[in-house]
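This report refers to the structure that appears directly beneath it.
We did not get these values from a lab; they are worked out from the coordinates using the rules stated. What you see is a predicted model, and the numbers here were worked out from it, not measured in a lab. Counting neighbours? That spans all protein chains shown, and the Cβs are built from the backbone with ideal geometry, glycine included.
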Amino acid sequence: MKLSQFFLSTTKEAPSEAEIVSHQLMMRAGMLKKLGAGIYSWMPLGVRVLRKVENIIREEMDRAGAIELLMPVIQPAELWQESGRWDTMGPEMMRIKDRHDRDFIVQPTSEEVITDIARQELRSWRQLPRNFYHIQTKFRDERRPRFGVMRSREFIMKDAYSFDVDEAAMDLSYGKMYDAYCAIFNRLGLQYRAVAADSGKIGGAKTQEFQVLAESGEDVIAYAPDSDYAANLELAEALAPSTPRAAPSKALELVHTPGQKTCEDVSNFLKLPMTQQLKAMMYMSDAGFVLCMLRADHMVNEVKLSKLKELANYRPATADEIQEYLGVEPGYCGPVPRHGKAHPGKVIVIADRTAAAMSDFVCGANESGYHVSGANWGRDCAEPDVVADIRNVVEGDASPDGKGVLKLRRGIEVGHVFALGTKYSDALKANYLAADQSEKVMWMGCYGIGVTRVVAAAIEQNNDERGIVWPEAMAPFTVAIAALGYDRSAEVKAAADKLYAELRAAGVDVALDDRGERPGVMFAELELIGIPHRITVGDRGLKEGVVEYQARRETAAIKIALADAVAHVRGVLKS
């Protein structure tokens, strides 16, 4: 592609609303143009990157045996009502009406539509297994779209759906898709980890996220450097301490702590580390009033809470409810009954594993302005009703697989695989006729890749002070020829045109900058848009029979003979 015939629209400054690197660089490189909140036009440069990502995805999906189709963006409400998600999906699902006042949605995902296709088309066990995929626009009405296409309202996604005869066959399909995803992200040149995750609103018994490692990521993943263990922070298990609880060694003491309502305040006031304190979290659930106790420096994990039957449909307790059940204002709550008497109301006490293993701890005294020190389970208060993992892991925690300790890194979720089971096939009655002529329900898997998010995540992971540094497989062009004085020098024009033709004939995706721009402007633009390899052709070098080659990640160019330029580039690309 000659850049004089292409469309580049670069700028020196990013808009003030662009908070993260990928958003800033995509806007500066002219890959995106904002149309509205969370809605962007993809400009020619960005589309070239998108298509390269899509092509790799298609090749690996096809290789894994998936079959491409295309499902509509607008879907009738009846399918979503049939699955039950019409009522359970929140305001992020865009609901619309047609001229006949019929309800439709702008699809956020396609489980209902693909299951409807399967129940109509896949009637016999002989037609299974089957895997369908498409690459299509999605829409989710984010409350606060931000970070460019990282969390936009409209985005492009590849979603695939497998249909199998039973759970074992579903697991085989899941494994094929997992392997295909690894192949995709390896080919894209991304540093990533596959992590155990929570299935969320999609559902399913087994699920893994593919996280691109980047400090700007919204997710936190826990991993063990000495093993393959990795999990989203929501799911990473915090093991119980390896040593048993120590016997009490201190007497219970009521301590006046006026105005000290936070763990930090109490720690500073008593000059004790927070690792010796317990903090209280109060909730109302279907089971009643629940008091959760954690070590003061730990953070509660709400996903883990939601999986406990004692916290079904939980919400934070109000100040009035806390007063009713504990008889005290927030900030002074704890498991030790006030003055040794029972709590005013029935209280379910849940202790985190670490909290349950503590002795001689500090906690709220259930009396305003007071805490107790030297408190112990079983002596000063009843043993917890439930001991469970309800906290986020921290660096240094033991790895759940027994191999070393955990570290934390930020990541950007770009892919997700789910073993759905029969959630949707049951709801939509997607059955097939088995070999024994009985009717059975299909088992499903669901596999998504955020195509537009992959592009942004790659930039978050690959950039420098000069701009984007594309992994080669994703770059809009693989090689750029910077022709200095193309519009003024016949020698430069002839040499650049010949080199351009030879590289194209060799199958190299090459861009010839024939716009006649000043060298500084030309180099700055080519570095900003991140082309991995650059060959500079100029009068001075041609007099010596050489051109300059520079890889995007390098800070200096090297001279190579003009006659060897094509062979040199092919060698670099092959390596």
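Is the shape of region 260-341 rounded, prolate or oblate, going by the alpha carbon gyration tensor and its root eigenvalues a ≥ b ≥ c, with a/c under 1.5 for rounded and a/b larger than b/c for prolate? Numbers along the way, then the final one.
Details: a/c = 2.26, a/b = 1.37, b/c = 1.65.
Oblate.
Select from region 1-76 those GluC sites (Glu not before Pro) which occupy a DSSP coil region and have at most 14 other Cβ atoms within 10 Å, ordered by residue number. Intermediate results must be reported in sequence, preceding the final value.
Numbers: sites: E13, E17, E19, E54, E59, E60, E68; in loops: E13, E17, E19.
Answer by residue number: E13, E17, E19.
Pairs of lysine in region 253-388 with Cα under 27 Å and at least 8 positions apart or on different chains: total?
Taking the Cα cut-off of 27 Å, the pair count is 14.
Taking only the alpha-carbon atoms of region 1-104, what semi-axes of the equivalent ellipsoid follow from 5 times the gyration tensor eigenvalues under a square root, in whole Å, largest first?
Details: eigenvalues 236, 102, 38 Å².
The answer is 34, 23, 14 Å, longest axis first.
Lys and Arg at +1, Asp and Glu at -1: add these up for the other residues within a Cβ distance under 13 Å of F289 and post the number. Could you put the intermediate results ahead of the total?
Values: positive: R315, K346; negative: D286, E310, D320, E321, E324, D385.
Overall, the nearby charge balance is -4.
When the dipole is taken about the Cα centre of region 477-574, and only Lys, Arg (+1) and Asp, Glu (-1) are charged at their Cβ, what size is it in debye, to the nearest 20?
Details: 14 positive and 15 negative charges, 37 e Å.
Roughly 180 debye for region 477-574.
So which lysines pass the test for K33, namely a Cα distance under 16 Å, with those fewer than 8 places away in the same chain ruled out?
K12
In nm, to one decimal, how far is the modelled label at H256 from the one at D286, with both set 7 Å along Cα→Cβ?
Those two pseudo-labels are separated by 4.7 nm.
Within a 10 angstrom radius of the beta carbon, how do S41, S110, S267, S242 rank from fewest other beta carbons to most?
Values: S41 11, S110 26, S267 19, S242 7.
The most exposed by this proxy come first: S242, S41, S267, S110.
At a 10 Å Cβ-Cβ cut-off, how would you order Y314, Y432, fewest neighbours first? Display every interim value, and only then the final one.
On the way: Y314 18, Y432 22.
Final ranking by Cβ density, sparse to dense: Y314, Y432.
Compute the Rg to Rh ratio over region 483-544 from the alpha carbon atoms, using the Kirkwood formula for Rh, and round to two decimal places. Don't skip to the end; give the middle numbers.
On the way: Rg = 11.5 Å, Rh = 12.1 Å.
Radius of gyration over Kirkwood radius for region 483-544 works out to 0.95.
Give me the one-decimal nm value for the distance between modelled label points at T318 and E13, 7 Å along each residue's Cα-to-Cβ direction.
4.9
Using Cα centres only, tell me the gap between region 490-516 and region 110-179 in whole Å.
Using only Cα atoms to place each centre, the spacing works out to 43 Å.
With the Cα gyration tensor of region 62-177 in hand, convert its eigenvalues to equivalent ellipsoid semi-axes via √(5λ) and list them largest first in whole Å.
Numbers: eigenvalues 154, 70, 30 Å².
Each semi-axis is the square root of five times an eigenvalue, giving 28, 19, 12 Å.
Would you mind listing how long region 334-426 runs along its three principal axes, going by Cα atoms, in whole Å with the largest first?
Here the spans come out as 54, 40, 25 Å, largest first.
Based on the Kirkwood radius over alpha-carbon pairs, what is the Stokes-Einstein translational diffusion coefficient of region 514-567 at 25 °C with 0.890 mPa s viscosity, in µm²/s? Intermediate results must be reported in sequence, preceding the final value.
Numbers: Rh = 11.8 Å.
For the chosen part, D equals 208 µm²/s.
May I ask you to sort Y174, Y161 by Cβ crowding, counting other Cβ atoms within 10 Å and putting the fewest first?
Y174, Y161
How would you order 85-95, 534-544 from highest to lowest mean count of nearby Cβ atoms within 10 Å? Don't skip to the answer; put the middle values down first.
Working: 85-95: 13.8, 534-544: 18.1.
Descending mean neighbour count gives 534-544, 85-95.
Taking only Cα atoms of region 2-56, what ratio of Rg to Rh do you get with Rh as the Kirkwood inverse-distance radius?
Numbers: Rg = 11.9 Å, Rh = 12.0 Å.
Computed over Cα atoms, the ratio is 0.99.
Evaluate the charge dipole of the chain about its Cα centre and quote only its size in Debye, nearest 20, assuming +1 on the Cβ of each Lys and Arg and -1 on the Cβ of each Asp and Glu.
On the way: 71 positive and 81 negative charges, 221 e Å.
Charge dipole of the chain: 1060 debye, to the nearest 20.
Given R₀ = 30 Å, FRET efficiency for E121-E92 by Cβ-Cβ distance, to 0.05? Can you show the working numbers first?
On the way: r = 30 Å, r/R0 = 1.00.
FRET efficiency, E121 to E92: 0.50.
Kindly give Rg over Rh for region 199-357, based on alpha-carbon atoms, with the Kirkwood expression for the hydrodynamic radius. If you can, show how the numbers build up before the last one.
Working: Rg = 18.4 Å, Rh = 18.3 Å.
Expressed as Rg/Rh, it is 1.01.
What Kirkwood hydrodynamic radius, in Å, does the chain give when the mean of 1/r is taken over all pairs of distinct Cα atoms and then inverted? Please list the in-between numbers first.
Details: mean 1/r = 0.0360 Å⁻¹.
Over the chain, the inverse of the mean reciprocal pair distance is 27.8 Å.
Only residues of region 401-422 count here: report those whose backbone N is under 18 Å from the spot 7 Å along Cα→Cβ of S227, or say none.
Inside the label zone: 401-409.
Compute the label zone of E491 within region 525-555: residues whose backbone N is under 18 Å from the point 7 Å along Cα-to-Cβ.
Under cut-off, by backbone N: 536-549.
Highest mean first, what order results for 175-181, 1-7 on Cβ atoms within 10 Å? Present the calculation step by step, with values, prior to reporting the outcome.
Values: 175-181: 20.0, 1-7: 14.3.
Going by the mean number of other Cβ atoms within 10 Å, highest first, we get 175-181, 1-7.
Using a ≥ b ≥ c from the Cα gyration tensor of region 442-575 (square roots of the eigenvalues), is it rounded, prolate or oblate, where a/c under 1.5 gives rounded and otherwise the larger of a/b and b/c decides, a/b for prolate? Don't skip to the answer; put the middle values down first.
Values: a/c = 2.49, a/b = 1.98, b/c = 1.26.
Verdict is prolate for region 442-575.
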